[in-house]
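Notes for the one structure printed next.
Quick note: the coordinates plus some simple rules give every number you see, no bench work behind them. Because the structure is predicted, anything quoted here is derived from the model rather than measured. Quick reminder, even Gly has a Cβ in these numbers, built from the backbone with ideal geometry, and neighbours come from all protein chains shown.
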Amino acid sequence: MTFRHSWTLITLAGSVAVAGPAVAQDLNVLEKRVEALEKAGRGQTVQRSKKSMSLTVSGHVNRAIQFRDNGSESGVLHVTNNLSRTRVRWVGEGKINDDLTAGTLIELGNQSAISSRQDLGDNANADAASALDERRIEFTITSKRLGQLTVGQGDTASEDTADVDLSGTGIATLSGDPVLLAGSEAFQLNNAAQGRTVGNVFSSFDGAGRRDRIRYDTPAFAGFTVAVAHHNADRWDAGLHYGATFGGVKVAAGLGYADDASRNFNKTFVGSLSVLLPMGLSVSVGGETHGKIGYRFNRFPLGETRLAVEYSEVNDGAGVNEKARYYGAAAVQVIEPLGAELYLSYHNFSLDVGAGADPDDIDVVTAGARFKF
């Protein structure tokens with residue numbers, strides 16, 4: 001709102017005539033204040049500031065109970081499921097003009113008893129990193145014509161290109177990435193750890209993760225977008241992302257390239273493909289050797305039911321001639337009135353060391369729930 005001196009005088013005079021002497025004195029004080037502000041601004045008008053950014057708070061809580069058996073011992077763990085760990089985010093949004101928008105994102109995660117670092121050997125209530133830690137802290141400038149520029153900590157360009165999955169079961173079994181579910185559990189032989197953990201021998205072979213970087217994404221063209229990013233330590237990566245629907249058939253794919261020695265590789269290509277048919281059947285492939293079959297259907301009034309089975313194999317993950325395999329099955333039930341999912345999964349991990357006796361298999365059963373807000 002703008003107040004000009006002459007218009008203010010007319011308004012005040014009319015108010016005095018209506019309100020009487022008592023109000024006139026107060027309005028006279030207000031008029032003098034307005035005049036003083038305009039003089040201080042050298043004749044400029046007095047304007048009310050306008051808030052330009054909206055703020056939305058969201059996130060979820062995800063907790064699970066795991067039963068593990070590593071061949072030497074078994075037990076129950078109470079964990080934060082690192083396939084989609086508990087988090088809270090603050091999203092700011094603002095419009096610059098018809099083409100440009102700006103956004104901010106602060107996302108913090110919780111690692112209390114995180115599933116990727118818990119094992120039967122310690123079975124701690126919480127690990128050292130139990131407090132909130134930064135996941136994404138960034139701002140974006142988006143143009144409808146030119147694409148999006150993102151600055152700060154967040155997903156690199158090749159992130160998530162190896163685990164594209166339309167089965168909707170990532171909360172219970174994420175394509176080719178068991179490390180997040182039970183990464184610290186050690187393989188055992190004759191009641192002794194063999195120097196190999198699930199995290200040592202398996203990998204989803206995904207991109208460069210979340211980093212402090214600058215990233216650019218092109219506008220979508222025929223379902224394709226291209227992203228490039230530069231990270232600290234003068235590293236960079238790129239990603240090609242695709243999504244489209246043909247006659248009710250959904251197709252999603254990713255292809256990434258990363259040059260990042262801090263991720264235990266220098267130069268690598270990764271990719272994945274997922275197809276979802278109208279009947280609810282999905283097939284996903286990716287990583288080194290990974291396959292997943294899913295089925296989605298609506299039979300219960302609470303929400304969609306999602307089922308999946310998967311198999312993954314990694315060669316020479318932690319040693320020459322070693323072969324690690326895992327297979328898993330999962331069920332997810334969506335609870336639409338609460339914005340929640342209940343899930344149950346089973347995974348078996350095995351390791352062939354190539355020479356000598358192989359360690360015992362590791363079995364993991366996970367049951368939990370994710371509540372979004």
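Can you give the extra length, in nm with one decimal, that the chain gains between Arg210 and Ala367 once fully stretched, where that is 0.36 nm per residue apart less the Cα-Cα distance?
Stretched fully, the Arg210-Ala367 segment lengthens by 53.8 nm.
I want the local charge near Val314. Using Cβ-Cβ distances under 10 Å, sum +1 for each Lys or Arg and -1 for each Asp or Glu among the other residues.
That sum, taken over residues with Cβ under 10 Å, equals -2.
Just rank Lys292, Lys95, fewest to most, by other beta-carbon atoms within 10 angstrom.
Lys95, Lys292
Tally Lys and Arg at +1 and Asp and Glu at -1 over the other residues with C-beta under 10 Å from the C-beta of Gly256: what net charge comes out?
Summing Lys and Arg as +1 and Asp and Glu as -1 gives -4.
Which residues does a label at Val251 reach in segment 204-231, if reach means a backbone N under 14 Å from a point 7 Å past the Cα toward the Cβ?
222-225
Applying the Karplus parametrisation 6.51 cos²θ - 1.76 cosθ + 1.60 with θ = phi - 60° to the phi angles of segment 334-348, what ³J(HN,Hα) value in whole Hz is obtained for each residue in order, glycine and proline being reported as x?
Karplus-based 3J(HN,Hα) across segment 334-348 equals 7, 10, 4, x, 9, x, 10, 9, 9, 9, 9, 9, 10, 9, 10 Hz.
Note down the net charge around Arg63, summing +1 for each Lys or Arg and -1 for each Asp or Glu among other residues with Cβ under 10 Å from its Cβ.
+2
Report P(r) for segment 51-205: all Cα-Cα distances, bin width 5 Å, range 0 to the bin holding the largest distance, values in whole percent.
Result, from short to long distances: 2, 8, 13, 16, 17, 14, 10, 7, 5, 3, 2, 1, 0, 0 percent.
Would you mind getting me the FRET efficiency between Asp234 and Phe139? Use the beta-carbon distance for r and R0 = 30 Å, nearest 0.05. It would help to have the intermediate numbers written out before the result.
Numbers: r = 22 Å, r/R0 = 0.75.
So the FRET efficiency works out to roughly 0.85.
Whole-Hz ³J(HN,Hα) for each residue in segment 152-163, computed from phi via Karplus 6.51 cos²θ - 1.76 cosθ + 1.60 with θ = phi - 60°, x for glycine and proline: what do you get?
x, 8, x, 5, 6, 5, 8, 4, 6, 7, 9, 10
Among Trp90, Trp236, which comes first, second and so on when ranked by fewest other beta-carbon atoms within 10 Å? Mind showing how you got there, number by number?
Details: Trp90 15, Trp236 18.
Ascending Cβ contact count within 10 Å gives the list Trp90, Trp236.
Karplus couplings for segment 219-235 from phi (6.51 cos²θ - 1.76 cosθ + 1.60, θ = phi - 60°), rounded to Hz, Gly and Pro as x?
x, 6, 9, 6, x, 9, 9, 10, 10, 9, 8, 10, 10, 4, 6, 6, 9
Set the bar at 28 Å for Cα to Cα. Now go through Lys144/Lys250; Lys144/Lys292; Lys323/Lys372; Lys292/Lys323 and name every pair that lies beyond it.
Working: Lys144/Lys250 24 Å; Lys144/Lys292 35 Å; Lys323/Lys372 38 Å; Lys292/Lys323 19 Å.
Beyond 28 Å: Lys144/Lys292; Lys323/Lys372.
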